[in-house]
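Everything below concerns the one structure shown next.
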Amino acid sequence: MFKRVTALSWALLFLLFSFAWGKVTLDVKEKTLKNGLKLLVVENHTAPVVSCMMRFKVGSVDERPGITGTAHLLEHMLFKGTKQIGTTNYEAEVPIMKKIDSLAVLLRAEQNKLQNVLWGGDSAKIKFLREEIAKWQDQQRKYIIKDELWETYLENGGTGLNASTGNDRTQYYVSLPANRLELWAWLESDRLRSPVLREFYSERDVVFEERRLRTDTQPFGKLFEQFNALAFAAHPYGWPVVGWPGDLKTVMREEVEAFFKQYYAPNNAIMAIVGDVRAEEVFAMMTRYFEDIPPFPEPPRPVFTDEPKQEGERRGEVEFEANPLLAIGYMAREIAHPDNEVLDVTAAVLSQGRTSRLYKKIVEEKKLAVNISADNSSSRYPDLFYITATPLAPHTPAEIEAAVYEELERLKTEPVSQWELDKVKNQLDANFIRSLSSNTGIAFGLVEVTALTGDWRYLLQNIENMKKVTPDDIMRVAQKYFTKSNRTVVTLVTKEKSPSAKL
């Protein structure tokens, strides 16, 4: 069975793209509609399926204080339906939603008063308003068809249906039988044209609970939230994608809807369709369903807040009832900067597999850590190169930190051997090929690099650029970026239990 699957996978690879003198090429057909929507299509006729991905060039970096978490919350809300999907009577829902909105305005006014004892907030009034909102939400539920969008996809053979949000991105994706592509076009164009943010305040509570489960109660979640907040003093990469708790409690439906109107338009989106399709037929179908959706009159405002130059090491601690953890970060570059690819290779030298430097030295030889990894962010704006580790008891984060710095100093002074560099490049090349071994993987790669660089060809150029990295390049970036004054270190320390908890 394993051999059969492997053979099929390689057949798929050779059909989708070719190798010429060791260089991968990918047959991508592209078209931009009159409203600015960019379409990318790769034909793969090995199975009658298709993977569809819609990427919007918006993420948490585009938010502002007071509405952090909005991009992620909106990702949830866009599964709530439209004027046609998810309802038995949209017109009957409208006055109910208006009533809920008016109560939410009063609720937030009272919540604001509680921020200062001099402002006279009333907890009893807040409780009353929440109960009133809940009553009207119950009224609205009579008209709601729960999860109709989701169920429609599943009933038509959809798999892998999901969405995700990050600092720079929000994307919606699903795989379907190829003969259901037109259904996808209808559902997604309807979702882009007329979404209805129904059940907003109950879904806001769901997202707040998600934050509690994934961040507030998780050691790595708490560590990284504080790590990013300390590393970025001004840039919005410093706030969490899921949002700060205070913002999640008070953000209004109207604010999220305004965010949608600001960033969700055809000329801020990229669509990738990979599978058993004909490109010209796809272009005609998408033109029919999407081209009448109006574009933005002007492109969305970019983020102008530069991260100021770091003038010294930043250190922090997070107390948590868990075993210690360590995070070390160095401010690095955006994806399009030439140093970014060198830093990608450097991260692989340090922690790609069990023969990597950090693993061999710190996990195997010194037995200081259970695990350790290095990674380089490739983002729209300058971002972090970071190293994380979990100490092996009784060793401490400080011991690991010292060992990491020894390895980083070695990178500055000793050229990486050609054998080691070739090994790492082969690993990166293999990872790249594996990432393209499915329709969804290709679709994700295409929309990712197109959104961040403006051209899907960077997907291929990036791996070619990494092949050109030299030992001198690695020494140069190590000397440039791995300095104390450019460093942020956060440790998670075990919180001591209170005397009452020990009893």
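The values are calculated or read from the model by the stated rules, or taken from the named source; none is laboratory data. The structure displayed is predicted, hence computed values, not measured ones. As a convention, Cβ positions derive from the backbone with ideal geometry for all residues, glycine included, and neighbour counts pool all protein chains shown. Remember, those area values only see protein heavy atoms, side chains included, never the ligands or the DNA or RNA. Shrake-Rupley method; radii C 1.70, N 1.55, O 1.52, S 1.80 Å.
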Problem set entry | Among (1) over 30 Å from Pro415 (Cα atoms); (2) assigned to a helix (DSSP H, G or I) - the single one Asp455 does not satisfy | (2)
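Here's the yes/no breakdown for (1) at pLDDT 95 or above; (2) under 29 Å from Ala233 (Cα atoms); (3) touching a helix residue (DSSP H, G or I) at 6+ places or on another chain (Cβ under 9 Å):
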{"residue": "Leu368", "(1), (2), (3)": "yes, no, yes"}
{"residue": "Ser373", "(1), (2), (3)": "yes, yes, yes"}
{"residue": "Asn376", "(1), (2), (3)": "yes, yes, yes"}
{"residue": "Tyr381", "(1), (2), (3)": "yes, yes, yes"}
{"residue": "Tyr386", "(1), (2), (3)": "yes, yes, yes"}
{"residue": "Leu392", "(1), (2), (3)": "yes, no, yes"}
{"residue": "His395", "(1), (2), (3)": "yes, no, no"}
{"residue": "Leu408", "(1), (2), (3)": "yes, yes, yes"}
For this session: Go through segment 379-407 and count every residue that is touching a Leu at 6+ places or on another chain (Cβ under 8 Å) and within 18 Å of Ala478 (Cβ to Cβ).
Result: 6
For this session: For segment 123-148, name all the residues that are part of a loop (DSSP other than H, G, I, E, B) and open to solvent by 70 Å² or more (accessible area, probe 1.4 Å).
Result: Lys142, Lys146, Asp147
Seminar exercise, completed: Here the qualifying pairs (Cβ atoms under 6 Å; residues six or more apart or on different chains; first in segment 27-39 and assigned to a strand (DSSP E or B); second of a type in the set (A, V, I, L, M, F, W, C) and open to solvent by less than 10 Å² (accessible area, probe 1.4 Å)) come out as Lys29/Val41; Lys29/Ala279; Glu30/Leu40; Lys31/Leu39; Lys38/Ile270; Leu39/Met271; Leu39/Met286
Exercise. Out of (1) at pLDDT below 95; (2) surrounded by fewer than 16 Cβ atoms within 10 Å (Cβ to Cβ), what's the single condition that is false for Leu107?
Worked result: (2)
Exercise. Considering only residues of segment 33-57 that are within 9 Å of Met271 (Cα to Cα) and among the basic types (Lys, Arg), which is least open to solvent (accessible area, probe 1.4 Å)?
Worked result: Arg55
For this session: Quick one: in segment 410-431, of everything that is of a type in the set (Lys, Arg) and surrounded by 15 or more Cβ atoms within 10 Å (Cβ to Cβ), which residue is farthest from Lys480 (Cα to Cα)?
Result: Lys423
Exercise. Out of all the residues in segment 266-286, which are surrounded by 17 or more Cβ atoms within 10 Å (Cβ to Cβ) and either of a type in the set (Phe, Trp, Tyr) or over 19 Å from Val447 (Cβ atoms) (or both)?
Worked result: Asp276, Phe283
Exercise. Only one of (1) loosely packed, with under 15 Cβ neighbours inside 10 Å; (2) in contact (Cβ under 8 Å) with a residue 60 or more places away in the chain is not met by Leu343, so which one is it?
Worked result: (1)
For this session: For Tyr289, indicate whether it is open to solvent by less than 40 Å² (accessible area, probe 1.4 Å) and of a type in the set (Phe, Trp, Tyr).
Result: no
Problem set entry | Residue ID - nearest to the chain's Cα centre (by Cα), chosen from residues in segment 354-377 that are touching a residue at least 40 places away in the same chain (Cβ under 8 Å) and open to solvent by 40 Å² or more (accessible area, probe 1.4 Å) | Thr355
Exercise. Mind checking which pairs have a first residue in segment 205-225 that is open to solvent by less than 50 Å² (accessible area, probe 1.4 Å) and modelled with pLDDT of 95 or more and a second that is in a helix (DSSP H, G or I) and of a type in the set (A, V, I, L, M), Cβ under 6 Å, 6 or more apart or different chains?
Worked result: Val207/Leu73
Problem set entry | Filter result for Ala258 (more than 20 Å from Pro65 (Cβ to Cβ) and small (Gly, Ala, Ser)) | no
For this session: Identify the residue in segment 232-265 that is farther than 30 Å from Gly316 by Cβ and of a type in the set (A, V, I, L, M, F, W, C) and, among all such residues, is most open to solvent (accessible area, probe 1.4 Å).
Result: Ala258
Exercise. Is there any pair linking a residue in segment 461-483 that is outside any helix (DSSP H, G or I) to one that is crowded, with 19+ Cβ neighbours inside 10 Å and among the aliphatic types (A, V, I, L, M), with Cβ under 6 Å and at least six apart or on different chains, and which?
Worked result: Val469/Val342; Val469/Val345; Phe482/Leu408
Exercise. Where residues in segment 434-452 are of a type in the set (Ser, Thr, Tyr) and part of a helix (DSSP H, G or I), which of them is modelled with the lowest pLDDT?
Worked result: Ser435
Exercise. For segment 173-190, does any single residue satisfy the condition of being in contact (Cβ under 8 Å) with a residue 60 or more places away in the chain and closer than 25 Å to Thr305 by Cα?
Worked result: no
Exercise. Since Lys98 meets every condition but one in (1) surrounded by 12 or more Cβ atoms within 10 Å (Cβ to Cβ); (2) part of a helix (DSSP H, G or I), which condition does it not meet?
Worked result: (1)
For this session: Take segment 6-39 and flag every residue that is modelled with pLDDT of 95 or more and more than 18 Å from Ile463 (Cβ to Cβ).
Result: Lys29, Glu30, Lys31, Thr32, Leu33, Lys34, Asn35, Gly36, Leu37, Lys38, Leu39
For this session: Could you figure out which of (1) surrounded by fewer than 20 Cβ atoms within 10 Å (Cβ to Cβ); (2) closer than 16 Å to Arg253 by Cβ isn't true of Gly86?
Result: (1)
Problem set entry | Matching entry among Gly238, Gly246, Gly275 (being free of Cβ contacts under 8 Å to residues at least 24 places away in the same chain and more than 18 Å from the chain's Cα centre (by Cα)) | Gly246
Exercise. When residues of segment 149-199 are filtered for being open to solvent by less than 40 Å² (accessible area, probe 1.4 Å) and of a type in the set (Lys, Arg), how many remain?
Worked result: 2
Problem set entry | Hey, Thr450 touching a helix residue (DSSP H, G or I) at 6+ places or on another chain (Cβ under 9 Å), hydroxyl-bearing (Ser, Thr, Tyr) and open to solvent by less than 50 Å² (accessible area, probe 1.4 Å) or not | yes
Exercise. Mind checking whether some residue in segment 193-200 is part of a helix (DSSP H, G or I) and without any contact (Cβ under 8 Å) to a residue 60 or more places away in the chain?
Worked result: no
